[in-house]
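Novice: Sending over a structure as structure tokens; questions will come in a sec.
The values are calculated or read from the model by the stated rules, or taken from the named source; none is laboratory data. Note that this is a predicted model, so its numbers are computed, not measured. As a convention, Cβ positions derive from the backbone with ideal geometry for all residues, glycine included, and neighbour counts pool all protein chains shown. Please note that ligands, DNA and RNA were not included when accessible areas were found on the heavy atoms of the full protein model with its side chains. Shrake-Rupley method; radii C 1.70, N 1.55, O 1.52, S 1.80 Å.
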Amino acid sequence: MAKRRRRREDADDPQGQSIYHEPRMRDFEFAPGDPERIDKITDHVARCIGAPDFVFHEIVSDLVHVDVHVVQPTPQRPYYTLFTSGMSDRPMTVPEDWSESPFAEVLLCLPQDWQLSDEAFADESWYWPIRWLKILARLPHEYETWLWDGHTVPNGDPPEPFAPNTEMCCMALAPPLLCGEEIRVLEVDAQTQIHFFAAVPLYREEMLYKLRHGMEKLSKRLARHEVTELLDPER
């Protein structure tokens, strides 16, 4: 029997306590997606920053149907904005005393010269941000856990670079800074809110600093260097 690998996600506490999630044992669960929920998510983003121009659709989905929607660069926002739909098709498995709505989606921004084509995606150097939006969107349901502001997810244990063109190896979830505060919460109905979090790639040293000192101190350091959800592969 192959050895089961563990994915590490650290909780947001001052000590940087780590939580290990064992891979799920249940069978594949086909997920067709929720067209009404997708429409509400895309309408919300369109109101906040602009309508998506195209979508990277999943053909066959397990647990949740995760699509990645793309808003093209504009003179006002000279970069791509990518966001998921599908992560919020199921509630996350939150702590018993949790008071927030257990639904979320993730987003990030890419430079306007980033290559977003099937041909380019044959090279992981172009595809890894899209891959990681999908990983983050499915992770809470696959591992029966939750992701929230301040959580970090490394690329393996020990963490390895996302792709040959970067030494970044960890994703942190944080409030979006480039999309305006209105994008952060979508009121679906009286009982359901969807929270939108930015996926911010980190270097190993930044992840270790967060584990030792907490996300608040790391966020202040990142802010001093103007680090946002806009990926700068050479920062």
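Novice: Among all residue pairs at least 6 apart or on different chains, which show Cβ distances below 6 Å where the first residue, located in the stretch 71-88, is at negative phi and the second is assigned to a loop (DSSP other than H, G, I, E, B) and open to solvent by 60 Å² or more (accessible area, probe 1.4 Å)?
Specialist: What qualifies is 72/53; 73/112; 78/112; 79/112.
Novice: With respect to residue 190, is the statement that it is among the small types (Gly, Ala, Ser) and surrounded by fewer than 20 Cβ atoms within 10 Å (Cβ to Cβ) true?
Specialist: yes
Novice: Return yes or no: is residue 167 outside any helix (DSSP H, G or I), charged (D, E, K, R), surrounded by fewer than 20 Cβ atoms within 10 Å (Cβ to Cβ) and at pLDDT 95 or above?
Specialist: For residue 167, the condition - outside any helix (DSSP H, G or I), charged (D, E, K, R), surrounded by fewer than 20 Cβ atoms within 10 Å (Cβ to Cβ) and at pLDDT 95 or above - is met.
Novice: Filter the stretch 117-133 down to residues that are more than 18 Å from residue 167 (Cβ to Cβ) and open to solvent by less than 30 Å² (accessible area, probe 1.4 Å) and give me whichever is farthest from the chain's Cα centre (by Cα).
Specialist: Applying the filter and picking the extreme gives 120.
Novice: Continuing with the same structure: What are the pairs, 6+ residues apart or on separate chains, where a residue within the stretch 43-67 that is closer than 19 Å to residue 187 by Cβ has its Cβ under 6 Å from a residue that is open to solvent by 20 Å² or more (accessible area, probe 1.4 Å) and at pLDDT 95 or above?
Specialist: Pairs that qualify, where the first residue is closer than 19 Å to residue 187 by Cβ and the partner is open to solvent by 20 Å² or more (accessible area, probe 1.4 Å) and at pLDDT 95 or above, are 48/182.
Novice: Find the residue count for the stretch 103-116, including only residues that are of a type in the set (S, T, N, Q) and surrounded by 14 or more Cβ atoms within 10 Å (Cβ to Cβ).
Specialist: Qualifying residue count, the stretch 103-116: 0.
Novice: For the stretch 194-235, how many residues are surrounded by fewer than 17 Cβ atoms within 10 Å (Cβ to Cβ), modelled with pLDDT of 95 or more and under 17 Å from the mean Cα position of the chain (by Cα)?
Specialist: 1
Novice: When the residues of the stretch 40-67 are filtered to those that are among the acidic types (Asp, Glu) and under 22 Å from residue 117 (Cα atoms), which remaining residue is nearest to the chain's Cα centre (by Cα)?
Specialist: 67
Novice: Related question: Being closer than 24 Å to residue 40 by Cβ, outside any loop (DSSP other than H, G, I, E, B) and open to solvent by 30 Å² or more (accessible area, probe 1.4 Å), is that true of even one residue in the stretch 170-181?
Specialist: yes
Novice: Right, another one. Suppose we filter 42, 84 for residues that are in contact with a strand residue (DSSP E or B) (Cβ under 8 Å, 6 or more places away or on another chain) and either closer than 22 Å to residue 228 by Cβ or open to solvent by 40 Å² or more (accessible area, probe 1.4 Å) (or both); which single one remains?
Specialist: On inspection, the qualifying residue turns out to be 84.
Novice: If a residue must be within 16 Å of the chain's Cα centre (by Cα) and in contact (Cβ under 8 Å) with a residue 24 or more places away in the chain, how many such residues does the stretch 157-193 contain?
Specialist: Number of matching residues: 14.
Novice: Follow-up question, since we're still on this one. With the requirement that a residue be touching a Pro at 6+ places or on another chain (Cβ under 9 Å) and basic (Lys, Arg), what does the stretch 153-210 give you?
Specialist: Across the stretch 153-210, the qualifying residues are 184, 204.
Novice: A further question on this structure: Taking residue 110 as meeting all but one of (1) free of Cβ contacts under 8 Å to residues at least 60 places away in the same chain; (2) within 24 Å of residue 204 (Cβ to Cβ); (3) not in a loop (DSSP other than H, G, I, E, B), write down the number of the exception.
Specialist: Checking residue 110 against (1) free of Cβ contacts under 8 Å to residues at least 60 places away in the same chain; (2) within 24 Å of residue 204 (Cβ to Cβ); (3) not in a loop (DSSP other than H, G, I, E, B), the one that fails is (1).
Novice: Let me ask something additional. Check off (1) at positive phi; (2) in a helix (DSSP H, G or I); (3) not small (Gly, Ala, Ser) for residue 205 and give me the number that stays unchecked.
Specialist: (1)
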